[in-house]
Amino acid sequence: MQLAITFSILAISIVLFISNRIRADLVALLALLAFVITGILEPNEALVGFSNSVVIMIAGLFVVGAGIVRTGLAQSAGNLLLKWSGKSEQKLFILLLIITGSVGAFMSNTGTVALMLPIVISIAISINSSPSKYLIPLSYISSLSGLLTLIATPANLIVSQVLVDNGYEKLGFFEITPVGIIAIIVGILYFVVARNVVLPNGKKKDAVGAGHKLSPKQLAIDYELGGNLHRLKVPEHSLMIGKKLTDLKLPAKYHLAILKIDRKSTEGINLLPMTYQEMAGPLSTVQAKDVLYIQGSLKRTEELAKDYLLEVDDDDSMPDLLVSKQLGIAEVLLTPHSTLINETIASIKFREKYNLNILGVNRKGEYVLSEMADVRLRFGDALLVQGAWEEIELLAKATNDVVVIGQPKEHASMAAASGKAPIAGAIMLLMIILMISEIFPAVISVLIGAVLMVVTGCLRNMDDAYGKMNWESIILIAAMLPMATALEKTGGMVILSEGIIDLLGDFGALGVLAGIYFITMVFGQFISNTATAVLFAPIAMTAALSMGANPYTFLIAIAVSSSMAFATPVASPTNALVMTAGGYKFFDFVKAGIPLQLIMFAVMMIVIPIFFPL
């Protein structure tokens, strides 16, 4: 009875996955609850996936991936690949898959995809292509890369251990490599020939691409801030030293506004010269060696510099200098019922209320950037504001008068991580070395990398780290892991596998090998390759011994077939990772995966017996 219920739940889940009417993570949770309600799984068995090291590792890899994007490392890597590939998109595609396979030889396929995902998406957007053309191939090649070395996937280690348990020598580190190289070559050739047929053509709207137009850099260009921003240095003989900004009355006398102040730190023991920035306020007092950022005309700025013995120090990067870890710019739109409508900029006291400067007004494409005090605001006006990122984020919540356009939180995080791409690269390299050397379990190595991304400032804070986790993928994988336990408890796996042996025994060792390979591959579409290898490796060993065949041939077939998880998004954590990012549906995996599986089946039935004779 329980066996029938298990297969019924499995069948209903597959139908729901295929229909795509209910989110994949919700389907997985419904299946999980069904196993508990019907008594097939105990609550602790059902929830074990949420404490599984693979799930924790995936969450950590999302954080590492976010650091790679935030610091611009992904963009730099993408630019390098674009340079290597020239103008050939086909060459770029092949190069990406080769790199993916190479990286995957020394770390888990999940880790490989998580690291490559932001790079691939960044490249796809930069060449105006769809990520969906790249991400399924990325996932599949990462799975095949697990056949390149002993440590590349747990399935290899499992079959090696089964050999040892039965008195045989363990697999060598590169013993399976020839099979893996052929698998990688076949996989790349398949996608080179068929990817335009088997992969979806639709472009996925991406937040990164959509938000670019409203980036601080783009806003500075749109508002033409370059000629309206100036930098003044305060020498030790300046007449401005010791004066408060409110006493100087710069807006009234010169029609100028001081936006921010760069100041050398005088606190503590400074082994290195430290500069910090502060928002310029009425009570700010000018000090020697300060750097003042001024908004207004160059003529007025030069008058101010002459009167107070200041030094003008402009360059082409002035607009970029408005954006830093602490301070930034954003555009806000007046709402229809805003109390600011029909008020002048001077009268609304925006700076006093929100601690933000108004740099300009966009009125139907015409920009007002100077002498704005008497400008009367109208509905539809957009204001360019500048100040602390925290204040800009607070503005979005604190008032109904304006709506902050774009993603200031995202831009604040990117500004905070600016210049830290080498640090992110070093962290990623350290994580890979720790995973290869197995000094710590893989999940601990990943968590070390994730924590370092936050501690070193590659990510702005823990909220930033949590916000970049793809919870749909995490929940989907955690909820699907107990599926293997349900199949094992009810005897479903054993019944089907033994049936294959009985059915194909008359066809000799090659026939049984093909049958075991095929059923392992089929069940690997619904449970992890690790669970598949655990369940089928002992069966393959028993079959080989009972027929007097070479156990290595059968066990290698288990390692290979358990890695052919292509036909469903739940077949592998890597498929689940790319499903959301690529905007895929369930059937996209079926369409792309089944032909590749059949090709691989035919190839491997020739290749495996060549390298591991029956």
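The values are calculated or read from the model by the stated rules, or taken from the named source; none is laboratory data. None of the values given here were measured: they were computed from a predicted structure. Neighbour counts are summed over all protein chains in view; Cβ atoms, including those assigned to glycine, are modelled from backbone coordinates with ideal geometry. The area values use the complete protein model at the heavy-atom level, side chains included, leaving out ligands, DNA and RNA. Shrake-Rupley method; radii C 1.70, N 1.55, O 1.52, S 1.80 Å.
The Cα center of the stretch 79-141 and the Cα center of the stretch 530-548 differ in position by 35 Å. If you sort 195, 376 by accessible surface, 1.4 Å probe, largest first, the order is 376, 195.
Using C-alpha pairs under 8 Å with a sequence gap of at least 6, the mean separation divided by the residue count of the stretch 62-178 gives a relative contact order of 25 percent. One quarter of the surface of the convex hull around the alpha-carbon atoms of the stretch 136-199 equals 4.5 nm², the direction-averaged projected area.
Here's how it looks for residue 314: its modeled amide H is under 5 Å from those of 231, which are all 5 or more places away or on a different chain. Computed with a 1.4 Å probe over protein heavy atoms only, the accessible surface of the stretch 496-614 comes to 32 Å² per residue. At full extension, residue 311 and residue 429 could sit 38.0 nm farther apart than now, given 0.36 nm per residue minus the alpha carbon distance. Measuring r between the beta carbons of residue 594 and residue 495 and using R0 = 35 Å, the FRET efficiency lands at 0.90. Among 260, 420, the sequence by solvent-accessible area, most first, with a 1.4 Å probe is 420, 260. Shape descriptor for the stretch 338-380: Rg over Rh equals 0.93 (Cα atoms; Rh from the Kirkwood inverse mean 1/r). Couplings 3J(HN,Hα) for the stretch 22-27, derived from phi with the Karplus relation 6.51 cos²θ - 1.76 cosθ + 1.60 (θ = phi - 60°), are 10, 4, 4, 5, 5, 4 Hz, where x marks Gly and Pro.
Taking 7 Å steps out from each Cα toward its Cβ at residue 471 and residue 201 produces label points 3.7 nm apart.
The relative contact order of the stretch 1-126, computed from alpha carbon pairs under 8 Å that lie at least 6 residues apart in sequence, is 22 percent. Here the simple spin-label model places points 7 Å from the Cα toward Cβ, and for residue 42 and residue 12 these points are separated by 2.5 nm. Which FRET efficiency value, to the nearest 0.05, do you get for residue 193 and residue 333 by plugging their Cβ-Cβ distance into 1/(1 + (r/R0)^6) with R0 = 60 Å? About 0.75, to the nearest 0.05.
Once backbone amide H atoms are built at 1.01 Å from N, residue 260 has 280, 293 as its partners under 5 Å, excluding neighbours fewer than 5 places away on the same chain.
Within the stretch 39-181, the proportion of C-alpha pairs whose separation exceeds 25 Å stands at 41%. The length gained by stretching the chain between residue 298 and residue 283 to full extension, at 0.36 nm per residue less their Cα-Cα distance, is 2.9 nm. Per the Debye calculation on the stretch 1-69 with a single equal scatterer at every Cα and no solvent contribution, log₁₀ I(q)/I(0) for q = 0.19, 0.29 Å⁻¹ amounts to -0.86, -1.16. Across the stretch 494-597, how large is the tail of the calculated P(r) beyond 18 Å, expressed as a percent of all Cα pairs? Pairs farther apart than 18 Å: 47 percent.
Fully extending the segment from residue 373 to residue 181 would add 62.2 nm, taking 0.36 nm per residue of separation and subtracting the current Cα-Cα distance. For the stretch 1-154, the solvent-accessible area of protein heavy atoms averages 38 Å² per residue (probe radius 1.4 Å; ligands and nucleic acids excluded). Each peptide in 575-582, 541-548 receives the mean, over its residues, of other Cβ atoms within 10 Å, and ordering these scores from highest gives 575-582, 541-548. Roughly what would the spin-label model give for residue 249 and residue 22, points 7 Å off Cα along C-beta, in nm? Placing both labels 7 Å beyond Cα along the Cβ direction yields 7.2 nm. Counting only heavy atoms of the protein chains and using a 1.4 Å probe, residue 102 has close to 70 Å² of accessible surface.
How high is the FRET efficiency between residue 510 and residue 439 when r is their beta carbon distance and R₀ equals 25 Å, given to the nearest 0.05? Plugging the Cβ-Cβ distance into 1/(1 + (r/R0)^6) gives 0.05. Among the listed pairs 244/264; 233/260; 253/299; 260/364; 243/289; 489/591, those with a Cα-Cα distance over 24 Å are 260/364; 489/591.
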